[in-house]
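Chemist: Handing you a structure now.
Nothing in this text is a laboratory measurement; each read-out follows from the coordinates by a stated rule. Because the structure is predicted, anything quoted here is derived from the model rather than measured. FYI the Cβ positions are ideal-geometry reconstructions off the backbone, even for glycines, and counts take in every protein chain you see.
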């Protein structure tokens with residue numbers, strides 16, 4: 001192979017170097033490349049300062065003609081090296097350096113070439129500080145028009161960066177490192193003659209690439225860094241009958257076979273393809289990075305996500321294990337591509353198995369910010385396929401993916417909106433791997449779980465495995481239950497300690513029928529009739545009240561999967577509801593639910609809170625169905641209007657007042673903020689507030705009706721003046737009594753026309 005290792009000095013000693021006219025402008029000094037430029041010079045400085053460090057800048061492609069070397073790919077690196085040598089040449093070495101530095105001909109622009117020649121010619125007089133300022137302000141040979149020349153401007157910017165980072169260093173020491181023999185030199189590169197017998201290529205491809213006039217894309221830069229990071233010490237792959245190391249194998253495949261994985265025939269856009277590739281590699285790097293054990297002090301859960309940045313995105317693949325996983329993954333995906341297609345494979349995987357995105361798994365991980373659950377699932381699937389040599393989507397793979405899906409869905413927390421949502425975090429990948437990695441040990445995951453005596457997974461997954469083992473015919477019903485959109489694998493609400501196989505199919509059908517009705521208030525009433533009291537969330541109102549979530553569209557998933565079900569009352573209530581539901585003879589789900597509620601009201605003589613919630617559905621028609629109860633007076637309950645941290649500071653009302661309003665629409669409901677207990681206002685005269693035995697009555701300021709005017713009504717309702725409490729009766733509950741009371745009080749007001757007449761007379 002026509003390949004020679006060089007320093008810049010040896011290259012220029014052996015040949016002149018002419019940058020062809022068709023090459024693009026010097027780009028590394030562009031102001032837009034600030035971060036890349038700083039990082040590159042910082043890397044070069046570190047190498048030069050450290051005696052035992054060396055850096056090879058990879059391949060420079062070109063050809064030799066008449067003892068002139070024409071670089072076609074790599075001119076950016078060569079120009080930066082040339083500027084670095086020019087700046088670091090110590091005074092005593094300037095004369096010698098001139099002889100070979102002037103052999104560079106920058107033919108992209110006449111002005112650029114002239115500028116380079118003059119830089120070399122005046123090298124001795126430019127050894128002081130602020131070299132760029134000196135060139136621009138104190139050098140008569142520098143033309144002001146050159147400040148409009150992109151290459152000249154970029155060179156000055158790069159010189160400024162070199163000066164900033166290396167201006168105070170010992171030039172002589174750095175110069176010795178730069179110009180040492182090739183085997184000792186700090187910075188080298190490999191030149192390849194593409195016209196040699198080993199390559200026998202034309203320069204058309206390279207000329208086209210470099211004539212674009214565009215800077216390297218983010219993907220091109222990343223790819224170069226990645227290749228440089230990959231292990232090179234062992235030949236472990238075979239490509240066209242040659243044994244290759246990780247780096248070489250990757251270099252051969254990344255722009256050939258593997259490119260096809262990301263190219264979409266629907267939208268054949270090179271830029272979109274590069275974005276997908278970049279996102280895919282970032283996903284793989286992220287998984288590998290956080291899969292490593294956390295070695296720093298502190299809780300692994302506190303591992304900063306920000307650690308994954310910069311060089312970590314490609315340097316992680318310098319580790320043999322991660323490089324191997326990356327290449328295995330790409331080869332596997334390409335194998336799938338040659339079959340039915342990689343996207344078809346992942347479509348088959350998600351057929352009957354709800355994952356975490358509308359896109360299939362491959363398309364999801366090629367996004368800039370893929371769902372974390374998708375990333376973790378991919379890692380487990382890859383390990384399973386590698387360990388068991390799986391190359392097609394069969395039922396065993398789907399079972400495995402299902403169990404991992406369930407574990408990811410089960411990793412939940414209650415958020416500020418009272419959504420019991422998955423809380424899978426990328427910085428906990430190592431934890432997930434340690435806890436669940438055992439799942440990959442056997443091809444058949446349910447067999448593994450049924451034989452497992454150690455509780456390394458949630459107990460429900462092992463119960464499912466035992467059910468499938470003992471009742472294979474119920475697997476279909478089990479999987480159908482798991483796919484309910486409110487459960488998504490978390491079917492603990494359906495499971496019983498024993499003999500749950502007899503009820504699984506019918507209960508699953510009932511679950512779908514009930515929640516497909518979308519009649520939230522009726523579902524809640526039926527559950528309450530079966531002993532349901534909601535899910536306890538927290539204490540509010542300075543600890544005086546308990547906040548409970550009853551259930552509403554958008555929150556039923558929280559109720560049905562809330563594994564912190566205190567005392568099991570939610571589970572017990574759901575079991576009773578499902579059991580009663582399947583035994584009803586009514587035709588439709590609405591009719592069955594109504595019958596369950598009606599039966600409860602007929603059999604329930606005590607007028608406790610359950611009675612009222614079952615009788616008056618409007619009490620459950622709020623936007624939240626989030627209630628705050630006070631222990632010593634269960635009728636002093638608040639329908640909260642917010643899921644905020646302090647919901648009592650938002651508007652709320654008494655749900656019994658809503659029931660009264662339903663019967664008498666002219667009733668004025670009092671919406672409160674804070675601890676105000678007033679529920680209703682009557683006739684601009686009276687307030688009604690919840691009382692353990694009914695309603696407490698108080699008078700408004702400047703009432704339209706006096707106590708004397710209301711005395712007869714008070715007597716009729718048995719209201720004692722010393723207590724002023726409106727009580728329910730054996731015949732009428734507190735809602736009905738409040739409606740009757742309102743109507744009689746309202747009747748005491750003079751007709752509107754009389755009021756108007758008296759006002760006109762006055």
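Chemist: Work out, in µm²/s and without decimals, the Stokes-Einstein translational diffusion coefficient of the range 254-442 at 10 °C, 1.306 mPa s, Rh from Kirkwood over C-alpha pairs.
Modeler: In µm²/s, the coefficient is 91.
Chemist: Normalise the Debye intensity by I(0) for the range 3-215, one equal point scatterer per Cα, no solvent, then take log10 at q = 0.08, 0.10, 0.19 Å⁻¹ and round to two decimals.
Modeler: -0.26, -0.41, -1.64
Chemist: Any idea how far the Cα center of the range 75-131 sits from the one of the range 712-750, in Å?
Modeler: Using only Cα atoms, the two centres lie 102 Å from each other.
Chemist: Now, a different point. Set the Förster radius R0 to 25 Å, insert the Cβ-Cβ distance between residue 699 and residue 650 as r into 1/(1 + (r/R0)^6), and round the FRET efficiency to 0.05.
Modeler: The formula returns an efficiency of 0.35 here.
Chemist: Still on this structure: Take the alpha carbon atoms of the range 522-569, find their center, do the same for the range 652-682, and report the distance between the two centers in whole angstrom.
Modeler: 23 Å
Chemist: Here is a further query. Compute the long axis of helix 372-388 from its Cα atoms, compare it with the longest principal axis of the Cα atoms of the chain, and write down the angle in degrees, 0 to 90, nearest 10.
Modeler: In the chain, helix 372-388 runs at an angle near 70 degrees to the longest axis.
Chemist: How many percent of DSSP beta bridges within the chain run antiparallel, rounded to 5?
Modeler: Looking only at bridges with both residues in the chain, the antiparallel portion is about 80 percent.
Chemist: Right, here's the next one. Taking Cα atoms, how many degrees apart are the long axis of helix 589-603 and the longest axis of the chain, rounded to 10 and kept between 0 and 90?
Modeler: Rounded to the nearest ten degrees, it is 40.
Chemist: As I understand it, the value is the acute angle between the Cα axis of helix 218-229 and the longest principal axis of the Cα atoms of the chain; what does it come to in degrees, rounded to 10?
Modeler: 70 degrees
Chemist: For a test of the definition: using alpha carbon positions, the gyration tensor, and the 1.5 limit on a/c, classify the range 365-410 as rounded, prolate or oblate.
Modeler: Here the range 365-410 falls in the oblate category.
Chemist: On to the next question. Expressed in nm to one decimal, what extension gain is obtained for the pair residue 50 and residue 748 from 0.36 nm per residue of sequence separation less their Cα-Cα distance?
Modeler: 241.4 nm
Chemist: Please give the contour-minus-distance gain from residue 358 to residue 335: 0.36 nm per residue of separation, less the Cα-Cα distance, rounded to one decimal in nm.
Modeler: Taking residue 358 through residue 335 to full extension adds about 5.9 nm, to one decimal.
Chemist: If you don't mind, another one. Would you calculate the separation in nanometres between label points at residue 392 and residue 183, each defined as 7 Å from the Cα along the Cα-to-beta-carbon direction?
Modeler: Distance between label points: 5.6 nm.
Chemist: Output the relative contact order of the chain, whole-number percent, from Cα pairs under 8 angstrom with separation of 6+ residues.
Modeler: Over the chain, the number comes to 7 percent.
Chemist: I would also like to ask the following. So for the pair residue 516, residue 99, with labels modelled 7 Å out along Cα→Cβ, what separation do we get in nm?
Modeler: It works out to 9.1 nm between the two label points.
Chemist: Still on this structure: Please list the three semi-axes, largest first and in whole Å, of the ellipsoid equivalent to the range 140-193, using sqrt of 5 times the eigenvalues of its alpha carbon gyration tensor.
Modeler: Those come to 29, 18, 10 Å.
Chemist: Given [x] 76, 37, 20; [y] 45, 32, 24; [z] 57, 32, 23 as candidate values of semi-axes √(5λ) of the Cα gyration tensor in Å, which corresponds to the one derived from the coordinates?
Modeler: Recomputing semi-axes √(5λ) of the Cα gyration tensor in Å here gives the entry labelled [x].
Chemist: Label-point separation (nm) for residue 539 and residue 421, each offset 7 Å from Cα along Cα-to-Cβ?
Modeler: Reported label-point gap for residue 539 and residue 421 is 2.8 nm.
Chemist: At a threshold of 8 angstrom on Cα-Cα distance, excluding pairs fewer than six apart, so keeping six or more, what relative contact order does the range 680-761 reach in percent?
Modeler: 28 percent.
Chemist: Going 7 Å from the Cα of residue 312 along its beta-carbon direction, which residues of the range 409-447 have the amide nitrogen within less than 14 Å of the resulting point?
Modeler: 426-430
Chemist: Which part of the range 330-350 falls in the paramagnetic zone of residue 272, meaning amide N under 16 Å from the point 7 Å along Cα-to-beta-carbon?
Modeler: Those under the cut-off are 343.
Chemist: Quick one: the Cα spread of the range 618-762 along its three principal axes, in angstroms, biggest first?
Modeler: 55, 37, 25
Chemist: Shifting gears a bit: Can you tell me the length gained on complete extension of the stretch residue 64 to residue 35, counting 0.36 nm per residue apart and subtracting the Cα distance?
Modeler: Computed gain between residue 64 and residue 35 is 7.1 nm.
Chemist: For residue 232 and residue 143, FRET efficiency with R0 = 60 Å and r from the beta-carbon atoms, rounded to 0.05?
Modeler: With R0 = 60 Å, the Cβ-Cβ based efficiency is 0.80.
Chemist: Would you mind ranking 64, 41, 491 so that the residue whose beta carbon has the fewest other beta carbons within 10 Å leads the list?
Modeler: Fewest-to-most ranking of 64, 41, 491: 64, 41, 491.
Chemist: Could I ask something else about it? Relative to a virtual label point 7 Å from the Cα of residue 675 in the Cα→beta-carbon direction, which members of the range 683-707 show backbone nitrogen distances below 16 Å?
Modeler: Output list for this probe position: 690.
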